[in-house]
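The values are calculated or read from the model by the stated rules, or taken from the named source; none is laboratory data. Keep in mind that what you see is a predicted model, and the values were worked out from it rather than measured. Note: ideal-geometry Cβ built from the backbone for every residue, glycine included; neighbour counts use all protein chains shown. We work out accessible area using only protein heavy atoms, side chains counted, and drop any ligands, DNA or RNA first. Shrake-Rupley method; radii C 1.70, N 1.55, O 1.52, S 1.80 Å.
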Amino acid sequence: MLEINGIAVSNGIAVAKAYCLKEPDLSFEKVKVTDIDAEKSRLKEAFKKAKLELEEIREIALRKFGEEKAAIFSAHLLILGDPEILGAIEAKIEDGWNAEFALQETSNMYIEMFEVMDNEYMQERAADIRDVSTRLLSHLLGIEIQDYSRISTDVIIVAEDLTPSLTAQLDKTYVKGFITDIGGRTSHSAILARTMEIPAIVGTKTATRDIVQGAPVIIDGTSGKVIMNATEEVLNEYMEKQKKSEEERQLLEQYRFLESVSADGHHVEIAGNIGKPEDVEMIIENGGDGIGLFRTEFLYMDRQELPNEEEQFTAYKTVLEKMQGKPTVVRTLDIGGDKILPYLKLDHEMNPFLGYRAIRLCLDKQDIFRTQLRALLRASIYGNLKVMFPMIATVEEFREAKALLLEEKQKLVVEGIPVSETIEVGMMVEIPSAAVIADLFAQEADFLSIGTNDLIQYTLAADRMNEKVSYLYQPYHPAIIRLVKTVIEAAHQNGKWVGMCGEMAGDEIAIPILLALELDEFSMSGPSILNTRAQIAKLSKTEIAVHLEQILSLTTANEVEAYVKKNLLK
Amino acid sequence: MKKTYKITSPDGLHARPTTLLVTAVTSFESEVSLTYKDKTVNLKSIMGVMALGIASGSVMEVSAEGPDAKELLDKVTEVIISNGIGVEC
């Protein structure tokens, strides 16, 4: 028995045989050749083999998955048969280069051309070219590549990382889980696993080295544990757990298309938090009523320069279109604190969480902010956009940010570019000063959204990255509950709605209290949506309201937790 | 020999129509090119045609040269009309 630990990114338990995906080594030397004709016939031979192979895979795909999947390979065959591509490679061989280099140069040219296009469909074509090019290269080098479409028994995929083009070839009915060496919560494999609702563990570092092809593997997507060659006892234990979690999942399934309403008929909105346009799928799959928080930082991270307006526009438009008119709250750039952008070359700070971040940075570096606002405004006509400013501490900051938004809107109107007339403009309440004067903010903002992760850290003056003070991260602290109450009441008195987009919104203990306080929108990660909807459906707001006064008079977070557990968890 | 067409399918000359057109002309011997907004590409090249991004409502010209040029253009017309891709101008 062997145990490996990684980051659990998608819940559930799976037991199946390991299927290890090994990326073939397709490295080659760039060399000059003298026998041009020989090199050309090597190329032709590779094309011929790739064609036969693709025709066979297409047949299998057609039989196993139907027309839609097979179309991917038809498209690959068309690329392979494209005379311009062959011509371009041959021209490079005529310049004296070896076939491998000529192929790579040509495919890179096409990949770049499609990747920069302002259209998701065209960008995906770049992946097709990459796939075809890899296939050709493997034939040129005489290396066999694995054919994932032939998997026909239950497997757990073990890979260094999963690429989108690779997963398109997987028959999802047989894939029971993923284990990868690299990646984090937002890596492609993690998102895909959550969308497919199968367990996944990423960042194991050594899975591809330690796990043997075909070995029986257990993965526990809740604890992040991978067990290979388990003893019968352990295996039985997990089989039992798997059965139980499957039953729970089935029970939740019925809430997918139901409204979010309490047992006594009080309606709320249960929305999702996302970090990338592709995360939207997970929210839709889990029956989310909207997007309560779209963190736009991802657009700015892991790159060398600021994203331009077009790129941002495309991302926002994609999300708004996919949400089909459901409320979509987009938070403007929240960089700084623990999220840094090396290319902005900001000064190192002693207290980054209390420093130059989020709206403070945006109001200072207005060109960055204005580009984002323009992209958002242009995208606004594709859905139900609500814009939210982060880290607002003073009313002046909110006014200034809103004024910039209106300025950019006016410019677009003058340019004749359509902009929605019904965009709500709101703010995060995550700094205690904003919570305390929520009544003043509620007169100017269209909505307030409570960011509990930061609100707790600022209210209790405890760095949430510092493990030594992690005991002070107390969502049920009476101060937090009172602040939340203040914010909700202030907003409602001014006819505005209040959301919550921190971890607390999907927390089992907090939910009954938030429901009684009449929070309007609960926003959380996709997998928590159905649990929350099911919990609220069983709660009666009127019944909990009776307990509210008692809860508000409790002295410590522990008392609150114990009280809710005893009286309000059903 | 050339013919002009107006694209009427709502998504323009997108994946499916492009695939149909390229597949239809590939088996002909004649050379065939497509011109759109001063750019000319080989109609047998799927990547070339897709890179043009031809939108709905635009006009494109297809010209063929070779032994079966007429048959080729007839086939193009047939594919365009029977699949609701566009109309001949």
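Quick notes on this structure:
- Number of partner chain Cβ atoms within 10 Å, mean per residue of A:314-321: 0
- The order of A:Tyr148, A:Tyr563 by accessible area, most exposed first and with a 1.4 Å probe, is A:Tyr563, A:Tyr148.
- Exposure of A:Arg482 as accessible area (Å², to 10), given a probe of 1.4 Å and all protein chains: 130
- When only the Cβ of Lys, Arg, Asp and Glu is charged (+1, +1, -1, -1), the dipole of segment B:2-88 relative to its Cα centre reaches about 280 debye.
- Remark: mean inter-chain Cβ contacts per residue of A:82-91 equal 3, using a 10 Å Cβ-Cβ cutoff to other protein chain atoms.
- Here is the P(r) of segment A:420-483: all C-alpha pair distances, binned every 10 Å from 0, give 21, 44, 23, 10, 2 in whole percents.
- Annotated for segment B:2-88: lysine pairs at least 8 residues apart or interchain, Cα distance under 17 Å, count 15.
- Between the amide H of A:Trp97 and those of A:Val33, distances stay under 5 Å, these residues lying 5 or more places away or on another chain, with hydrogens modeled in the peptide plane.
- Note on segment A:36-141: Cα-Cα pairs beyond 17 Å make up 54% of the total pair count.
- Ranked by the mean number of other Cβ atoms within 10 Å per residue, highest first, peptides B:35-42, A:425-432 order as A:425-432, B:35-42.
- For segment A:253-567, dividing the convex hull volume of the Cα atoms by the residue count gives 132 Å³ per residue.
- Angle of helix B:69-82 to the longest C-alpha principal axis of chain B, folded into 0 to 90 degrees and rounded to 10: 30°.
- Temperature 37 °C, viscosity 0.692 mPa s: under these conditions the Stokes-Einstein estimate for segment A:309-393, based on its Kirkwood radius over C-alpha pairs, is 237 µm² per second.
- Buried accessible surface for the A/B pair, both sides summed and rounded to the nearest 100, is 1100 Å² with a 1.4 Å probe.
- When the other protein chains are added to the chain by itself, burial of at least 20 square angstrom of heavy-atom accessible area (probe 1.4 Å, ligands and nucleic acids ignored) affects these residues of segment B:47-63: B:Met47, B:Met50, B:Ala51.
- Taking 1.002 mPa s as the viscosity and 20 °C as the temperature, the Stokes-Einstein diffusion coefficient of chain B based on its alpha-carbon Kirkwood radius rounds to 171 µm²/s.
- Mean residue ellipticity (222 nm) of chain A, computed from DSSP H runs ≥ 4 via -39,500 (n - 2.57), nearest 500: -15000 deg cm²/dmol
- Within 10 Å of the Cβ of each residue in A:523-535, the mean number of Cβ atoms contributed by other protein chains is 0.
- Using a probe radius of 1.4 angstrom, the carbon and sulfur fraction of the accessible surface of chain A is 51%.
- Remark on segment A:458-570: hydrodynamic radius 14.8 angstrom, per the Kirkwood mean of 1/r across alpha carbon pairs.
- The heavy atoms of A:Glu246 offer some 80 square angstrom of accessible surface to a 1.4 angstrom probe.
- Take the Kirkwood radius over Cα pairs of segment A:365-437, plug it into Stokes-Einstein at 20 °C and 1.002 mPa s, and you get 165 µm²/s for translational diffusion.
- Rolling a 1.4 angstrom probe over the protein heavy atoms with all chains in place gives the protein assembly as shown an accessible area of 46 Å² per residue.
- Neighbours of A:Lys541 by Cβ distance under 10 Å: Lys/Arg scored +1, Asp/Glu scored -1, total -3.
- Helix B:15-26 axis, angle to chain B major axis (alpha carbon atoms, nearest 10°): 10
- Of all lysines in the structure, the ones whose alpha carbon falls short of 18 Å from that of A:Lys386, not counting any fewer than 8 places away in one chain, are A:Lys276, A:Lys317, A:Lys322, A:Lys326, A:Lys402, A:Lys409, A:Lys496.
- Panel note: the C-alpha atoms of segment A:233-332, placed on their principal axes, show extents of 54, 43, 17 Å (largest first).
- If you sort A:Ile129, A:Ile145 by accessible surface, 1.4 Å probe, largest first, the order is A:Ile145, A:Ile129.
- Across the protein chains, with a 1.4 Å probe defining accessible surface, the residues A:Asp154, A:Asp454 rank A:Asp154, A:Asp454 from largest area downward.
- Debye intensity ratio I(q)/I(0), log10, chain A, q values 0.06, 0.07, 0.10 Å⁻¹ (C-alpha model): -0.37, -0.51, -0.98
- Taking the DSSP beta bridges with both ends in the protein assembly as shown, the antiparallel portion is around 50 percent.
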